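Worksheet for the structure shown next.
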Amino acid sequence: MDLGFPLGIRLTHAFNLVFLTLLIRSGIEILGGHPMLYFNDHCRPGSEWIRFTSKRMFRNLRWTAEDEKQSYTPWLALPGRDNLGLGRFWHFVAVIGWLLTGLIYLFVLSTSEQWQRIVPTSWTVFNNAWQAAVAYLRLDVPLPGNPYNGLQQLTYFALVFVLTPLQIATGLAMSPALAGRFQWFPRLFGGRQAARSLHFIGLIAFVAFTVHHVALVIAHGLLDGLAAIVLGEQAPTAAEQAVAVAIALIFLIALIALHVWATRRSLLQPRAMQNALQRIVDPVQALLLQPLTSQQSYRPEDITQDPRPNGRPPGNQAFIDLVERGFAGWKFEVGGLVDRPLSLSLEELRRLQSQHQITQHKCIQGWSYTAAWQGVPLGVLLEHCEPTRDARYILFRTFDEKWEEPGHGEYYSVIDLDLARASQTLIAYDMNGQPLPTAFGAPLRLRLENQLGYKMVKWIRSMELIADYHDIGAGCGGWRADLLHYSRIAPI
Amino acid sequence: MTNSESQTKNRESWAPPRVGLQVERRDRWEVVRHGTFAGLLAGFALGAAEIVASTALRGDPWLPFDFAVAIVVGPDALAPAFPVAASVALGTVIHTFLSVLFGVMFLSALALTFQLSARSWLIALYGVVFALTVWEVNFLAVLPLIAPGLKGRIDLATQLWNGIVSYSLVYGPVLAAYVVWIRPGTLDRWWLTDRDGVEAAPLGRD
């Protein structure tokens, strides 16, 4: 059967290469955020099955998970040099493009006879695949099938209908919003970290497929193969082969130029790139994932012993004095656009309505742990302070002067008012039945269980209801969004 | 005061940001040197395995040499008239050159991805996967390009034993065994944990 390669198939093949290469390089950047992979959700050091870092951590000096990051070269990662925020933006933009390309491909496949290329319709495909494998082993090219031989058909079918959905599903399983709403979902893969590992193995499978695919295209005849996928010519003339080679080379040069441009612009003008990519990514994640509310309920036996802390505790003398006094005399201030400003001691906060929850903490770097949290639902605090109609966001200020990164101001974060009213959004004062340890955010920390960890501000000093956040800090909605080019919202 | 609270008191107790103890170093000369050794060792083992397999299957110990030579001179090297001495000499040179090249490539790939200090079973897996990739790329992609006349010239048993089995069970594992044994570029063993009585974890919280 002569199905040929219609324009839709040829274009989606080209765009697939563009988006896959962006996905792979940005995925490597994301991996550098926590260059270890696990099959357990506790992520205890030493329990990783593979790691991509040149270092291990000190025994005689204190460190946090941020210190475990590994900077990758821009030759490999997009953009490289420890740019997790922009790496994630690139990854999600590429995901959107890749999924659209895939949908168009499936549309072309299903509305024409093209589906016969990759969907086996007879059990003879296995015998045919064996015959093809034997031919390849003999350094020969098997006879064409219908039009693919059995081995090609099974491989492409597995790629499109098994590996690709698995990659999408394991990627989604790492979304705190989706996993928080549907706790069973990451368990389908053995947990969040198993999903992360499978996502990585899937990436390797795509790379392996690409190497295999290119090798066999060469084995079948590179010039004919290029003419078929570039021009749609099944029996090309020498001139058509030359044109196909020229177009393929131009395409490859353009692809390399795109990667060079994306890498350089991300490294040299990160804010401009953050703003540009954010305009594409944020509306999509705000529409699809941000509204999902967490309904997590882990068992006490799921709690992680001795989890990783992240971020160095504040080092300013005022905070140290408060720690030494057990925060006696300190008051948590609630102000801004409210009718009733509040000033509450820890004891007064503890007397308000409290909520207990066992949830999984999911760091943007990739690691996770499970802990029990107790605190005041943020919705309850909002009822007490009565926000005005102009209030749209909540600004959390902290004791954290970020002494390890001086010159960038105190740590702060802004969240949407809607998110504050979610059922598992807490101002937590206890962790695992004990007052919040300093390393984990004493005196108070935020729990936003459908968000990544960096939105759950630690060492909270005050909260302020505001109408706009663009005049705070660099105007991106948080210290990490300002400095590290993270997104203001983090449901994935 | 808890231990974690005492962390705030002394900034000097913190490691510099983003710094850890190096468990691997990247030294180009070291990678090239050990890649050469690993490649020569694995190449020798592969050559020996192929000669044994070829002798057992076809009674022809020189066939692997002929195929190596065919990369350069084409299918004429497979003709009975082609001198054995020339085949052995040139075949050895080509095989040695490719062994060194692929050995350096293997070590470079491990160093680039920080896998020189990886667990032993992972390095063994890398060895096998790398060997099969070398076989596939060489025999399915490169050979048809440079010597198209060789297509379909090998029977299945020979290709199976001289190709897949020799590469995956001899060449790859020997490459990996060299790395596991020598551990080039490896400065420390990261995977030791409490269970081994060496490493307390997580650090910074004791």
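The values are calculated or read from the model by the stated rules, or taken from the named source; none is laboratory data. Owing to the predicted nature of the structure, the values given are computational and were not obtained by experimental measurement. Positions of Cβ are generated from backbone atoms using ideal geometry, with glycine treated the same way; all protein chains shown enter the neighbour counts. The protein model used for the area step is the full one, side chains on, heavy atoms only, and it has no ligands, DNA or RNA in it. Shrake-Rupley method; radii C 1.70, N 1.55, O 1.52, S 1.80 Å.
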Quantify how strongly other chains surround peptide B:139-145 by giving the mean number of their Cβ atoms within 10 Å of each of its Cβ atoms. 6
In Å, the C-alpha Rg and Dmax of region B:44-187 are 16.0, 53
Accessible area, probe 1.4 Å, largest first, for residues B:Met105, A:Met273: B:Met105, A:Met273
In Å² (nearest 100), what accessible area is buried between B and A, both sides summed, heavy protein atoms only, 1.4 Å probe? 5700
Could you state the number of Å between the C-alpha centres of region A:373-414 and region A:39-100? 27
Quick one: accessible area per residue over the protein assembly as shown, 1.4 Å probe, rounded to a whole number of Å²? 43
Quantify how much of the Cα-Cα distance distribution of region A:243-360 extends past 18 Å, in percent. 80
Sum up the lysine pairs in the protein assembly as shown that clear both bars: alpha-carbon distance under 16 Å and a spacing of 8 or more or different chains. 8
In whole percent, and with a 1.4 Å probe on the protein chains, what portion of the accessible area of chain A is carbon and sulfur? 62
From other protein chains only, count the Cβ atoms within 10 Å of every residue's Cβ in B:124-133, then give the mean. 1
Compute the angle between helix A:192-231 and the longest alpha-carbon principal axis of chain A, please, reported from 0 to 90 degrees and rounded to the nearest 10. 30
So how do A:469-475, A:59-65, A:362-368 stack up, highest first, on mean other-Cβ count within 10 Å? A:362-368, A:59-65, A:469-475
Which three lengths, in whole Å and largest first, does chain A cover when its Cα atoms are put on their principal axes? 85, 47, 44
Normalised contact order of region A:387-492, rounded percent, pairs of Cα under 8 Å and 6 or more residues apart: 31
With angles folded into 0 to 90 degrees, how steeply does helix A:238-268 sit against the dominant principal axis of chain A? Use alpha carbons for both and round to 10. 10
Cα→Cβ-extended label distance, 7 Å offset, between A:Arg279 and A:Arg299, nm: 5.1
To the nearest 10 degrees, how steeply does helix A:270-288 sit against the main Cα axis of chain A, on a 0 to 90 scale? 90
Mind grabbing the accessible area of A:Arg138 for me, 1.4 Å probe, Å², rounded to tens? 80
Please list the non-local residues whose amide H lies under 5 Å from the amide H of A:Val338, H modeled 1.01 Å from N, same-chain partners needing a gap of 5 or more. A:Thr388
Overall Cα dimensions of region A:366-492, principal axis frame, Å, largest first: 38, 38, 27
Inter-chain Cβ neighbour average for residues A:435-445, partner chain, 10 Å: 3
Long-range tail of P(r) for region A:273-330 (Cα pairs > 15 Å, %): 76
Where does region A:1-108 land on the Kirkwood hydrodynamic radius, alpha-carbon pairs, in angstrom? 16.1
Any idea what the relative contact order of chain A is, in percent, if you count C-alpha pairs under 8 Å spaced at least 6 apart? 16
Translational D in µm²/s for region A:101-211 (Stokes-Einstein at 10 °C, 1.306 mPa s, Kirkwood Rh from C-alpha pairs): 99
